[in-house]
1. Taking strands (runs of 3 or more DSSP E) that fall entirely within region B:197-237, which contain at least 2 residues that are in contact (Cβ under 8 Å) with a residue 60 or more places away in the chain and on the phi > 0 side of the Ramachandran plot?
2. Going by the structure shown, is residue A:202 out of contact with any helix residue (DSSP H, G or I) (no Cβ under 8 Å at 6 or more places or on another chain), within 14 Å of chain B (Cβ to nearest Cβ) and farther than 29 Å from residue B:153 by Cβ?
3. Please determine, by comparing only the residues of region B:219-236 that are out of contact with any helix residue (DSSP H, G or I) (no Cβ under 6 Å at 6 or more places or on another chain) and more than 19 Å from residue B:253 (Cα to Cα), which one is surrounded by the fewest Cβ atoms within 10 Å (Cβ to Cβ).
4. Looking at A:306, A:283, A:254 in this structure, which one is within 17 Å of the chain's Cα centre (by Cα), over 30 Å from residue B:154 (Cβ atoms) and outside any helix (DSSP H, G or I)?
5. Answer yes or no: is there a residue in region B:162-170 that is surrounded by fewer than 23 Cβ atoms within 10 Å (Cβ to Cβ), within 14 Å of chain A (Cβ to nearest Cβ), in contact with a strand residue (DSSP E or B) (Cβ under 9 Å, 6 or more places away or on another chain) and in a helix (DSSP H, G or I).
6. Any idea which residue in region A:91-103 is nearest to the other protein chains (Cβ to nearest Cβ), counting only those that are more than 13 Å from the chain's Cα centre (by Cα) and over 23 Å from residue A:205 (Cβ atoms)?
7. If a residue has to be over 16 Å from residue A:150 (Cα atoms) and buried (at least 24 other Cβ atoms within 10 Å of the Cβ) to count, how many in region A:225-244 make the cut?
8. Name the one entry in B:129, B:137, B:104 that is at the interface with chain A (Cβ under 10 Å from one of its Cβ atoms), modelled with pLDDT of 95 or more, within 28 Å of residue A:86 (Cβ to Cβ) and surrounded by 14 or more Cβ atoms within 10 Å (Cβ to Cβ).
């Protein structure tokens, strides 16, 4: 169990890392800008190319990465608690599937960007309500039932996505595939998403000890005075909303929501009071770093960021997992 | 606040039913501080369901349960958790956790929303771990413990909660003979020293007779018998309870029930 001081120290370090990742992202790119120029551009003093690149392209993209990574990591951590399953991720209950169907449908009919966002968000909410309504059924709301319903709805959405891809005209396919793999380049403003992230975190932090007990078992949590029904409803709705906002911002970026809570758990323990805020910061940092790499590694071509998150996340995850048994023995 | 003169637990006209089947009908029961009550019955006779109802984790089909003189509705969930604790039959450990961390969750009802466990809480948890013979294993991962060690950890977590009424669902499960006796002696000691009350669901008739002053027999069809263990635990009653003849061996204080 981390002491409160150690927890704050870890969070401080992660906040520094997150800031550093944004700074690196702002100074990296095909247009070479010195750190001082970037700083001047941020302050609005540079009206030329530098200002446009930093304020118009790099900053929204970095902030979108920060917000999206944080949203997905928080939603993943909450889903793992809700389903008492370490393999749960934000997409396991079909939220991203619903969003994908909505967004791809909008693309298929060549609708404007606004309709694409509306389609993604509407699809996510529809999937969420569908899963919730079906799983709620007779009032028995077990996590097995929830998980099964979610997996089935996600599978159905996957089939619809495949259908849309197979009938879509050639020239739309690339855009659709990039959207499905996750892409931060379409972002105009990340501030609403950052706001949602902050509000979401503020909603769960007061209950983080209760959530820790919930993850250990419904019955014993209730015996210790945790209002489990209300809490599960809260985290279900919240995790789904966070995921919907993230998917709407950048498509379905895989892996962050599954792997970041585990990275934090392996490195700093399973205390949710630390894990939830730490996952937000670590998820944001990881995604900003991955996105920066995605746009510079084979520049001027850009890689889908989801590929990079997996390529970065998998080795780190495997390393932490392999050193875990030794810590247990000692 | 809590009326000191009232019983820890008072049950009136309690009916318990699962999917239309009545398990317990018209149960009357009080448990005072310092008392140990054993619940005996066959599998599925309603021992666990009764314990959950007494802990207010499940609504009764009819009747009232009062904790320290007040119905459960008068309590916030956390306030009730100060007064009664439940040892559940199984514990979940999907996520990694150390022994000390697990014991410390018993402090949850005592901590404010933003509070972290302090040195005092840790002392309480360490004392509880030592009381069940887990001293020295504080930093071990729960997943590396044996079944019996996990069971004792769950008991230590309950001791860390420091309720006044302990509801123990098969506390001796997975324990070897030595630890079975140690836990029952711990229960006896807590009952007399800490002014706590205990209700235990057990399967060992002889240990029940030796360590629990009162007994409640559940027949699983609504019928029940309650009273002092020495009067209620007869070979006649127990044979009817378990559906298998039992006989007494020996005499007086050293008499035992064995399955015929």
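1. Numbers: elements: B:197-201, B:214-218, B:224-228.
Strands (runs of 3 or more DSSP E) meeting the threshold: none at all.
2. Working: out of contact with any helix residue (DSSP H, G or I) (no Cβ under 8 Å at 6 or more places or on another chain): yes; within 14 Å of chain B (Cβ to nearest Cβ): yes; farther than 29 Å from residue B:153 by Cβ: yes.
So residue A:202 fits the description; yes.
3. First pass over region B:219-236, keeping only residues out of contact with any helix residue (DSSP H, G or I) (no Cβ under 6 Å at 6 or more places or on another chain): B:219-224, B:226-228, B:230-232, B:234-236.
With more than 19 Å from residue B:253 (Cα to Cα) added as a condition, the list becomes B:219-224, B:226.
Details: B:219: 18, B:220: 19, B:221: 13, B:222: 17, B:223: 15, B:224: 23, B:226: 16.
Among them, the one singled out is B:221.
4. Values: A:306 fails: outside any helix (DSSP H, G or I); A:283 fails: outside any helix (DSSP H, G or I).
Just a single option satisfies the conditions, and that option is A:254.
5. no
6. A:94
7. Number of matching residues: 2.
8. Numbers: B:129 fails: at the interface with chain A (Cβ under 10 Å from one of its Cβ atoms); B:137 fails: at the interface with chain A (Cβ under 10 Å from one of its Cβ atoms).
Criteria check complete, one pass: B:104.
The values are calculated or read from the model by the stated rules, or taken from the named source; none is laboratory data. Fair warning: this is a prediction, and the values are worked out from it, not measured in the lab. Positions of Cβ are backbone-derived with ideal geometry, glycine not excepted, and every protein chain shown enters the neighbour counts.
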